[in-house]
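Everything below concerns the one structure shown next.
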Amino acid sequence: MAFIIRFRLFPYKHRLSLIALGMLCALLITCTSQQVSNESMETVEGIAESSSLQENPKGGSITLLWADITTLDPHLVQDSRSAQIALEIFNGLVTYGNDMTIVPELASRWEISDGGTKYRFFLREGITFHDGRRLTAHDVKASIERATDPALQSPTAATYLDDIVGVREKILGYDLNVVGVEVVGEQEITFELDEPKPYFLGKMTNPVAAVVDTTKGGGHTPLRSFNGTGPFMLDDWVTHKSIRLIRNDHYINNGPFIDEVVYVFDGDGMSMYENDEIDILELSAGHVKAMRDENNSLKDEMIIGQPAFQVAYIGLNVMDPPLDNLDLRRALFYAIDKEQIAITIKNGSVVPAYRILPPGFPSHSEDTVGLKYDLELAEELVSSSGYTQESGTVPSYELVMTLPGTTGMLSESFRFITNTWERELGVKVKVRQTEWEVYLQELNDKSLQMFGGISWNADYIDPHNFLDTLFHSESSMNHSAYESTTVDSVLEKARVEQDPEIRSALYQQAERIILRDVPVIPLWFPLDGGFLVKPKVQGYFVPPIPMQILKHVWVQQ
């Protein structure tokens, strides 16, 4: 997962935005490559966040308006909204710190050896599950075994854990155990990789690598007991209505400080905020503009976050006729006036996307540009494709675009796009909506001809998370069924390349080819996001990737 995100068909766009990106760009390209010789061993000592953060006052509660979730099982979650809550309950060996560098979580330190193919993690002392049972390396091993159990059918294990020796064999049912994960002692565990992968630790921050209590059941079935080791414990879950978390007083790191967090899944966000029913609200572009008015009484409660590592796009199943026709796919791409969408429809809250990697992300290059708006060329291409209704080739054929949702209402952006295709190209598109859980399953099945209404949000800071995950022919997240032997070869070289500059150039090469082949149509990148935050809420931030947030928050008494 990088994580799949629904558009604002409700008051959330899962924009996990923020953190200084300008500084990060050059830094992250180098920190994602760990150069380890065959003879050397690199030891990374963990510094607990508690040593650098002040002790904040404890107590109080906060309430957030949230999109309904699909699951809290970290090994089954694949959308960012569900993942965000799951990561407050469960955690893994490592995580991202507030500065977007990878820091220890359940591990206190790790050693890298054997040319970067062996990682030994040393667990912190005194970690317990929420029910008080002591965590050991056996629990870490058991969690990996559960996540990769073919009977569980995790939608993400094959993508995020497949660098570990034995994971593919376990998922395919050839082996009963993951041979590359070995318990060395009660507090030590090793992971053997098939090749040195610079992004391995980033993948280990994903929920599918989180530790769950397998003694409570849920081996190859969804969890029923959410006994984690994270900063918060599940107290109450009313399906489709709300979730309540309470503080884990035995959490091994700094925080949490608030007693209770409540997520509510429905309501008029602005009215709820004004009536003190919620404490944090993500704002639409229109509301951000309104809040900037000097006469607006809430203007001082708005915080502006920096852009998320996210791209909104339309996916095209390149194996499903007539979208197997490259000229048609390119015609659809050329016909979209993204500048008009960004300025007129989105009110300047986004910037047009002519590439896949977001601004500020490693390997993003302004020199990598996809197809730009050219209606005349789009008309020529759709004519040469043989698709047009006048040609008689497919006289009654309609493309079908599936969007998440059940309201029957189409956003202004998608009305503009589909109307343009029909008016200017003669390409009719039937829009189909379906529930979020069904939508995700159909994506995984690669059964959708066209799909939109979503964004792809990074969950670890490496170009592999966009380009390899979405477009390698063997990736389970390749929802467009895209296949290119050239792209596969370039991506496979980039996986193991240790030189940051060469690696970045390989990803840029792959991105150029993918944009030319049009398995997706990038639409826009988000700009700064606005949030209303009650003055009593301190320490709240929204990072560009899903991670623990609320352990840093406190309520001013």
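Assessment of region 290-308 against the conditions (out of contact with any Asp or Glu (no Cβ under 6 Å at 6 or more places or on another chain) and closer than 30 Å to Asp517 by Cα) yields at least one matching residue.
Of the residues screened, Ile252 is one that is under 24 Å from Phe121 (Cα atoms) and in a loop (DSSP other than H, G, I, E, B). Would you confirm, using the coordinates I've provided, whether Asp114 is assigned by TED's automatic domain parsing to the domain that holds Gly202, under 25 Å from Tyr273 (Cβ atoms) and among the acidic types (Asp, Glu)? Judged against the criteria, Asp114 is not a match.
Only residues that are of a type in the set (Phe, Trp, Tyr) and assigned to a loop (DSSP other than H, G, I, E, B) were counted in region 210-249, giving 1. On the stretch given as region 174-223, residues that are within 25 Å of the chain's Cα centre (by Cα) and on the phi > 0 side of the Ramachandran plot total 1.
Could you list, in sequence order, the residues of region 484-509 that are touching a residue at least 40 places away in the same chain (Cβ under 8 Å) and closer than 18 Å to Val520 by Cα? Selection gives Tyr507, Gln508. If the condition is being of a type in the set (D, E, K, R) and either without any contact (Cβ under 8 Å) to a residue 24 or more places away in the chain or crowded, with 17+ Cβ neighbours inside 10 Å (or both), then region 410-441 contributes Arg415, Glu422, Arg423. The selection criterion, being surrounded by fewer than 20 Cβ atoms within 10 Å (Cβ to Cβ), touching a Pro at 6+ places or on another chain (Cβ under 7 Å) and in a loop (DSSP other than H, G, I, E, B), does not hold for Gln548.
Restricting region 322-381 to residues that are of a type in the set (Lys, Arg) and at pLDDT 95 or above leaves a set whose member that is nearest to Met291 (Cα to Cα) is Lys338. Residue-level check: of (1) surrounded by fewer than 20 Cβ atoms within 10 Å (Cβ to Cβ); (2) small (Gly, Ala, Ser); (3) in contact (Cβ under 8 Å) with a residue 60 or more places away in the chain, Gly453 misses just (1).
Take Thr229 and tell me if it is of a type outside the set (Phe, Trp, Tyr), in contact (Cβ under 8 Å) with a residue 40 or more places away in the chain, under 19 Å from His75 (Cα atoms) and surrounded by fewer than 23 Cβ atoms within 10 Å (Cβ to Cβ). Against the criterion (of a type outside the set (Phe, Trp, Tyr), in contact (Cβ under 8 Å) with a residue 40 or more places away in the chain, under 19 Å from His75 (Cα atoms) and surrounded by fewer than 23 Cβ atoms within 10 Å (Cβ to Cβ)), Thr229 does not qualify.
For region 118-134, a residue qualifies if it is among the hydroxyl-bearing types (Ser, Thr, Tyr), more than 15 Å from Tyr251 (Cβ to Cβ) and surrounded by fewer than 21 Cβ atoms within 10 Å (Cβ to Cβ), but none of them does. If you check Ser108 against the conditions, is it over 27 Å from Ser82 (Cβ atoms), in contact with a Gly (Cβ under 9 Å, 6 or more places away or on another chain) and surrounded by 17 or more Cβ atoms within 10 Å (Cβ to Cβ)? So Ser108 fits the description; yes.
Checked across region 285-295, the condition of being modelled with pLDDT of 90 or more and either crowded, with 16+ Cβ neighbours inside 10 Å or assigned to a helix (DSSP H, G or I) (or both) holds for no residue.
Per-residue answers, yes or no, for (1) of a type in the set (A, V, I, L, M, F, W, C); (2) buried (at least 22 other Cβ atoms within 10 Å of the Cβ); (3) without any contact (Cβ under 8 Å) to a residue 60 or more places away in the chain:
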site: Asn317; (1), (2), (3): no, no, no
site: Asp327; (1), (2), (3): no, no, yes
site: Leu332; (1), (2), (3): yes, yes, no
site: Ile345; (1), (2), (3): yes, no, no
site: Leu357; (1), (2), (3): yes, yes, no
site: Gly370; (1), (2), (3): no, no, no
site: Glu379; (1), (2), (3): no, no, yes
site: Gly386; (1), (2), (3): no, no, no
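Only one of the listed residues (Gly255, Gly267) is modelled with pLDDT under 95, on the phi > 0 side of the Ramachandran plot and surrounded by 20 or more Cβ atoms within 10 Å (Cβ to Cβ). That residue is Gly255. Annotation note: of Phe200, Phe232, the sole residue that is aromatic (Phe, Trp, Tyr) and closer than 17 Å to Thr148 by Cα is Phe200. Among helices (runs of 4 or more DSSP H) entirely within region 99-187, having at least 1 residues that are touching an Asp or Glu at 6+ places or on another chain (Cβ under 7 Å) singles out 137-147, 167-171. Criterion applied to Gln556, Gln548, Gln538 was being under 17 Å from the mean Cα position of the chain (by Cα) and not aliphatic (A, V, I, L, M), and the one residue passing it is Gln548. When each of Lys299, Lys241 is tested for being surrounded by fewer than 18 Cβ atoms within 10 Å (Cβ to Cβ) and touching a Phe, Trp or Tyr at 6+ places or on another chain (Cβ under 9 Å), the lone residue that passes is Lys241.
The values are calculated or read from the model by the stated rules, or taken from the named source; none is laboratory data. Predicted model only: the values in this text are computed from it and were never measured. Glycine gets a Cβ as well: all are built from the backbone with ideal geometry, and neighbour counts include every protein chain shown.
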